[in-house]
Amino acid sequence: MAVEKTPKADLRAKARRYFEVSLIISLLLITAAFAFFPDIDREQVVIEASQETVKVEDIENTRQENRPPPPPRPPIPIEAPSADAIEDIDISSEIDLGVQMEAPSAPPPQQQDDEEEEIYFEVVEDPPTIIGGMNSVRENLVYPDLAIRAGVEGTVIVLAYVNKDGVVTATEVLRGIGGGCDEAAMEAVKKVRFNPGMQRGKPVNVKVSVPVRFRLN
């Protein structure tokens, strides 16, 4: 048989009513407090914050210390002659101090060439010209047999060194074609004479280029 609670002992049934009554009483008390005590001095709260001081330190620049100089190199050992290898020299036995000695004669002076190296100009006021023109060169020119058989043709540029008398003292090839034509051209130029080059009215040594043409008929 189940046990039934009496209505007086049932607390849950009156809990809602008790909550509502207590809420009304608390609201009345708060309203009465504001009505009878309107001015309430509030305590001012001052918050003091300590100011931190930041100190900035200057950082010194890194200094590079002077390094000490490197130690000197050790001296190279030199072999000294041993005491056994040195022989005593008797000066009195070889040289008589009472005899007057003659000083050695001075060496003969070097012979200087009276003829200084001749200078050849490359550009002058009046360049040298071939006496008789290029026909003189053709008359002395011999066409090599090797070049004829090989069919070599072309122009050889010969550099001639012409002295004050118009004589060719030396030649060299500036541009050759081979086949023996270079040598033949130099020989032909050496055999001709030139009117010497003039500089300020005086004959001078001049370098002049002569074109020698080889052509098969």
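In terms of other Cβ atoms within 10 Å, Lys207, Lys14, Lys164 run from fewest to most in the order Lys14, Lys164, Lys207. Temperature 10 °C, viscosity 1.306 mPa s: under these conditions the Stokes-Einstein estimate for region 161-205, based on its Kirkwood radius over C-alpha pairs, is 137 µm² per second. Based on C-alpha pairs under 8 angstrom that are at least 6 apart in sequence, region 129-214 has a relative contact order of 40 percent.
Within straight-line reach of Lys14, meaning a Cα separation under 18 Å, sit the following lysines at least 8 residues removed in sequence or on another chain: Lys5. The modelled label-to-label distance for the pair Leu28/Asn135, using points 7 Å beyond Cα in the direction of Cβ, is 16.2 nm. Computed from Cα atoms alone, the Kirkwood hydrodynamic radius reported for region 129-214 is 13.1 Å.
Taken about its Cα centre, region 129-214 carries a charge dipole of about 440 debye when Lys and Arg each add +1 at the Cβ and Asp and Glu each add -1 at the Cβ.
Coordinate-derived values only; no laboratory data. Note that the coordinates shown come from a computational prediction; the quantities given were computed from them, not determined experimentally. Because the Cβ atoms are built from the backbone with ideal geometry, glycine has one as well, and the counts that use them run over all protein chains shown.
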